[in-house]
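For reference, the structure is listed below as structure tokens.
The values are calculated or read from the model by the stated rules, or taken from the named source; none is laboratory data. If you're wondering where the values come from, they're calculated on a predicted model, not measured in any experiment. All Cβ positions, glycine included, derive from the backbone under ideal geometry; neighbour counts span all protein chains shown.
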Amino acid sequence: MQTHFTPEQLADPDTAQSNQILRACVHCGFCTATCPTYQILGDELDSPRGRIYLIKDMLENNRVPDAKTVKHIDRCLSCLACMTTCPSGVHYMHLVDHARAYINERYKRPLGDRALRWMLARILPYPTRFRLALLGAKAARPFARLMPDARLRAMLEMAPKRIPPVSRNDDPQTHPARGTRRKRVALMTGCAQKALNTDINDATIRLLTRLGCDVVVARGAGCCGALVHHMGKTSESHAAAAQNIRAWGAEMDADGLDAIVINTSGCGTTVKDYGHMFREDPLAEQAARISSITMDISELLMQLDMPESAPRSQVVAYHAACSLQHGQQIKTYPKDLLRRAGFTVTEPAESHLCCGSAGTYNLMQPEISQQLKARKVKALEARAPDIIAAGNIGCMMQIGSGTHIPIVHTVELLDWATGGPLPPALADMPNRAAGA
Ligand code: SF4
Ligand code: SF4
């Protein structure tokens, strides 16, 4: 695609990068076939190619973003299915990140929208605040239908029925390896996940220590910054990321780390991008060092050569989170590991399509999100599985709110199959006995 930026515009590193990305696009339109919003809305402006044109026009003309452009960029899930499909290697993620930051700086959103974004940015990344908000939402849930705004209704309806107590496993400490130590890894315990579901980190720690890892929960590490990054709030996302870079950097310098392991793939995609996010920052080198050893939990488990278990009777439908399959291009490891643990693994049709969770998308764009959820649940239920497994808490909450089939994190099943307890979410499953 031809672009027409001036030398002055290209002096800005973000614009120079977007120029390169735009020039790689040959407007072939292959990406439209796998874009969830185009599939649902059928509008070219809700496809990757349409959004690329809107972003090009906005950036080239130094335009104050208009409501139409913002609407179509806001509707993008950042699922990155378009990046998997694109034959020309267009880095849509960095382009839309730039567009979102540009919009955040220059566009004045309606008051309700601003208030909602302000509230989400101040609550979700902070586990204690989020836990209190969840308790409030749980109490207000019966009145959800009375809410005048669809987004407020969605928030109340998404509140889980059970809010777990704080897990002390998530406090800064080192969980020692059982037996001979093979690796020393830092576990990112996250932010929203700690308030929504403590079983995932507990299972991860049990599994990794059983496989010979010292598991460090680093003091000072917290939210990866992704939730606000996707709102275009660059200074807030960089502040959160810088805190992690310093916390994990201190651990690397003190006792060394073989990996930073992440069990929420949305966060993993962002931490792997820290090197790029900080490329013009004094923390650039440290950020690149952190990104270079960051792994999804499934990557680390493949390295650790998790032992094979006896076959089990349960059929597991594996839901591939977009951030894992498109953001990190990890497609086979979770399924390989589940098979190695003895489960029969099945996959839904259209497994490349997003479930509609996408960070805060299900709260900000509830209508589109609900349609994607219904489509995903239907495809998963068509496989008649005993269990649904996913590698991202956002997908688990989204899909879990639309089906009675129990949904767990992949690590909970791997932990169970290798000697851990039955995942609490499976307590009512009929054929839950090991190997039954
Ligand atoms: S598939 Fe790639 S090159 Fe083709 S229109 Fe989409 S982004 Fe552009
Ligand atoms: S990130 Fe997802 S929703 Fe956004 S343009 Fe790409 S495929 Fe479509």
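All told, residue 76 meets the bar of being assigned to a loop (DSSP other than H, G, I, E, B), of a type outside the set (Lys, Arg) and either closer than 27 Å to residue 374 by Cβ or assigned by TED's automatic domain parsing to the domain that holds residue 351 (or both).
Yes/no per residue for (1) modelled with pLDDT under 95; (2) under 24 Å from residue 120 (Cβ atoms):
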site	(1), (2)
239	no, yes
250	no, no
253	no, no
258	no, no
266	yes, yes
272	no, yes
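For the stretch 130-172, filtering for residues that are among the charged types (D, E, K, R) and either surrounded by fewer than 13 Cβ atoms within 10 Å (Cβ to Cβ) or within 30 Å of residue 214 (Cα to Cα) (or both) leaves 8.
Note on the stretch 27-66: residues that are more than 10 Å from ligand 1 (Cβ to nearest atom), closer than 23 Å to residue 367 by Cα and within 24 Å of the chain's Cα centre (by Cα) amount to 7. In the stretch 404-428, which residue that is part of a strand (DSSP E or B) and among the hydrophobic types (A, V, I, L, M, F, W, C) is nearest to residue 376 (Cα to Cα)? Top of the filtered list is 407.
Inspect the stretch 52-64 for any residue being polar (S, T, N, Q), within 16 Å of ligand 2 (Cβ to nearest atom) and not assigned by TED's automatic domain parsing to the domain that holds residue 229 and give the result as yes or no. Outline the logic, then answer.
Step one: filter the stretch 52-64 for residues polar (S, T, N, Q), giving 61-62.
If we keep only those that are within 16 Å of ligand 2 (Cβ to nearest atom) as well, we get none.
The answer is no, given that none of the residues of the stretch 52-64 is polar (S, T, N, Q), within 16 Å of ligand 2 (Cβ to nearest atom) and not assigned by TED's automatic domain parsing to the domain that holds residue 229.
Taking helices (runs of 4 or more DSSP H) as the structural unit, those lying wholly within the stretch 1-64 and holding at least 1 residues that are touching a Phe, Trp or Tyr at 6+ places or on another chain (Cβ under 9 Å) and among the aliphatic types (A, V, I, L, M) correspond to 13-24, 48-60. Assessment of the stretch 241-256 against the conditions (surrounded by 20 or more Cβ atoms within 10 Å (Cβ to Cβ), outside any helix (DSSP H, G or I) and in contact with a strand residue (DSSP E or B) (Cβ under 7 Å, 6 or more places away or on another chain)) yields no matching residue. Residues of the stretch 176-195 that are touching a helix residue (DSSP H, G or I) at 6+ places or on another chain (Cβ under 6 Å) and surrounded by fewer than 23 Cβ atoms within 10 Å (Cβ to Cβ): 177, 178. Exactly one residue out of 72, 98 is touching a Ser or Thr at 6+ places or on another chain (Cβ under 6 Å) and either more than 14 Å from ligand 1 (Cβ to nearest atom) or free of Cβ contacts under 8 Å to residues at least 12 places away in the same chain (or both): that is 98. Quick check: anything in the stretch 85-101 away from ligand 2 (no atom under 15 Å from the Cβ), under 17 Å from residue 226 (Cα atoms) and of a type outside the set (Ser, Thr, Tyr)? Yes - at least one qualifying residue is present in the stretch 85-101.
Checked against (1) closer than 22 Å to residue 426 by Cβ; (2) surrounded by 24 or more Cβ atoms within 10 Å (Cβ to Cβ), residue 271 passes all but a single condition, namely (1). Return a yes/no flag: does the stretch 376-398 have any residue that is under 20 Å from residue 348 (Cα atoms), in contact with a Lys or Arg (Cβ under 6 Å, 6 or more places away or on another chain) and free of Cβ contacts under 8 Å to residues at least 40 places away in the same chain. No, there is no match, as no residue in the stretch 376-398 is under 20 Å from residue 348 (Cα atoms), in contact with a Lys or Arg (Cβ under 6 Å, 6 or more places away or on another chain) and free of Cβ contacts under 8 Å to residues at least 40 places away in the same chain.
Residue 146 passes all but one of (1) modelled with pLDDT of 90 or more; (2) outside the structural domain of residue 246 (by TED's automatic domain parsing); (3) among the aliphatic types (A, V, I, L, M); which number fails? Failing condition for residue 146: (1). Condition first: assigned to a helix (DSSP H, G or I), within 25 Å of residue 198 (Cβ to Cβ) and modelled with pLDDT of 95 or more. Can you find one or more residues in the stretch 303-319 that meet it? Checked the stretch 303-319: no residue is assigned to a helix (DSSP H, G or I), within 25 Å of residue 198 (Cβ to Cβ) and modelled with pLDDT of 95 or more.
When each of 74, 97, 43 is tested for being under 23 Å from residue 272 (Cα atoms) and of a type in the set (Asp, Glu), the lone residue that passes is 97. If you go through the stretch 123-151 and keep only what is more than 11 Å from residue 195 (Cα to Cα) and touching a residue at least 12 places away in the same chain (Cβ under 8 Å), you end up with 137, 138, 140, 141, 143, 144, 149, 150, 151.
Going through the stretch 32-45 one residue at a time, which ones are near ligand 2 (Cβ under 8 Å from one of its atoms) and farther than 9 Å from residue 368 by Cβ? Within the stretch 32-45, 34, 35, 38 qualify.
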